[in-house]
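Read through the structure below, which is laid out as C-alpha cells, and then see the notes.
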Amino acid sequence: MATTLALIAAAIFALSTVLQQHGGLKAPPLSVRHPGSFLHLAGQRTWLIGMALLIPGWILQAMALDRGRVAVIQPMFTLTIVFALPLGRWLTKQVVTRGQMLAACVVVLGLSVFIIVGDPAGGRTDAPTWEWFVAIAVIAAVCAAALLLGAEDRPSLRAGAYGTVAGVLSGLGATLAKPTVEELHSGGVGGVLSDWTVYVLAVAGLLGVVLLQIALQTGQLAPAVATSSVANPLVGVLLGIILLEERLAQPTWHQVVAFAALGCALAAAVAISLSEARQQQPGQSVRKCRRGGEFQVDRPGRPLPQQDAEA
C-alpha cells in the first residue's frame, strides 16, 4: 500500500511540475531578491492548477511515509523524472533528448536496486531535537553552496542548482513528516501545532516550492526535475539512516551494491543537469544576461534590450 501511494504521488508531482513550468514561462522573470515578482504567477491559470495538485500529492506522500520507511518511500519519488519528461514534451514542447531519457532510466534503475538490495529495515519515528538541529544546519550549508552555482550564466546549471536545493528542502520536509504524522496519531492536531517540527516542515516545503519555480522558469525541465527528484530521496535516505536509524540489509556486499547503485543514480542526474538542453518554447530564447541576479526568457515580440545583449 505504501509503495502504491508513493507511485501515485510521484505521478501527481510530475504533472504538477510540468503545469507549474507551463504557467511560469508566461510570467515575468522571478527573483528571490524581489518576492513581489512571484505574485505574477497567481495570474496564470495553468500554474494555479499545478500548485493545487501539490495538495493531493503531499497528502498521499504523508500517507505513504506513515505506512513505510523513509529510506524506502522517498526513493520512489525519482519516478517523477520518468513521468515529467514525456509530459513536458507533450504539454510544454520541451526538447527531451535520448540521452536525457536514458539517464532518467539509469536514475530510476539505480534507486530501484538501492531499495531492493539495500532493503532498509528497522528504525524509529523520531530523533532527539539536537540531532535534528545539527542536520538542519548541515543542510542549510549545502543549500547555500548549491545556490552559489545558481549564479552561473548557464540555464541548465542554474536549473540544476535551484532544483537541487528545492529537492534537498523537500527531502528534509518529507523526513520531518514522519514524526509529525506520528504526533498527529498520538496527540492530535493540538500536539502537532505545539511541536516545532511542523513549522520547520512548512518553511522547508514553502522554500522548496519557491526555488523550484525559479528552476523551472529557466526553461530547462530535465535538469530541474532530475536534480530535485534525486536530491529529495537522497536526503530522505541519509536522514532515515542517520537520524531515524533505518539500517541497510546485511551482508556487507548488499550495502556496497546498494550504495554503488545510488551513486550511479546521482551521476546520471548530474549528467542530465549539465546537458546543454535546447528546451525553450518555440519562438523563445534564453537571454544570456542577468538582471537582479535572475535569468530572463525572451518572449516573441519582446525584443532584447541592446544594453543587456551579449557582444
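The values are calculated or read from the model by the stated rules, or taken from the named source; none is laboratory data. Please read these numbers as outputs of a predicted model, since none were measured by experiment. Here the Cβ positions follow ideal geometry from the backbone for every residue, glycine too, while neighbour counts run over all protein chains shown.
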Residues in the stretch 149-177 that are among the aliphatic types (A, V, I, L, M), free of Cβ contacts under 8 Å to residues at least 60 places away in the same chain and farther than 18 Å from Q217 by Cα total 2
Would you call L148 out of contact with any Gly (no Cβ under 6 Å at 6 or more places or on another chain), part of a helix (DSSP H, G or I) and surrounded by fewer than 23 Cβ atoms within 10 Å (Cβ to Cβ)?
-> yes
Residue check, G219 buried (at least 19 other Cβ atoms within 10 Å of the Cβ) and touching a strand residue (DSSP E or B) at 6+ places or on another chain (Cβ under 7 Å) | yes
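Filter the stretch 22-53 down to residues that are among the aliphatic types (A, V, I, L, M) and assigned to a loop (DSSP other than H, G, I, E, B) and give me whichever is modelled with the lowest pLDDT. Lay out the reasoning, then the answer.
From the stretch 22-53, those among the aliphatic types (A, V, I, L, M) are 25, 27, 30, 32, 39, 41-42, 48-49, 51-53; that's our starting set.
Among the residues that remain, those that are also assigned to a loop (DSSP other than H, G, I, E, B) are: 25, 27, 30, 32.
Values: L25: 73, A27: 69, L30: 67, V32: 63.
Only one residue fits best here, namely V32.
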Could you say which residue among A146, A103, A161, A151 is touching a Ser or Thr at 6+ places or on another chain (Cβ under 7 Å) and either at pLDDT below 85 or under 23 Å from A224 (Cβ atoms) (or both)?
-> A146
Would it be correct to say that A226 is more than 18 Å from A64 (Cβ to Cβ) and either surrounded by 20 or more Cβ atoms within 10 Å (Cβ to Cβ) or touching a Pro at 6+ places or on another chain (Cβ under 8 Å) (or both)?
-> yes
Pick from the stretch 233-248 the residues that are modelled with pLDDT of 85 or more and buried (at least 24 other Cβ atoms within 10 Å of the Cβ): which of them is nearest to F133 (Cα to Cα)?
-> L239
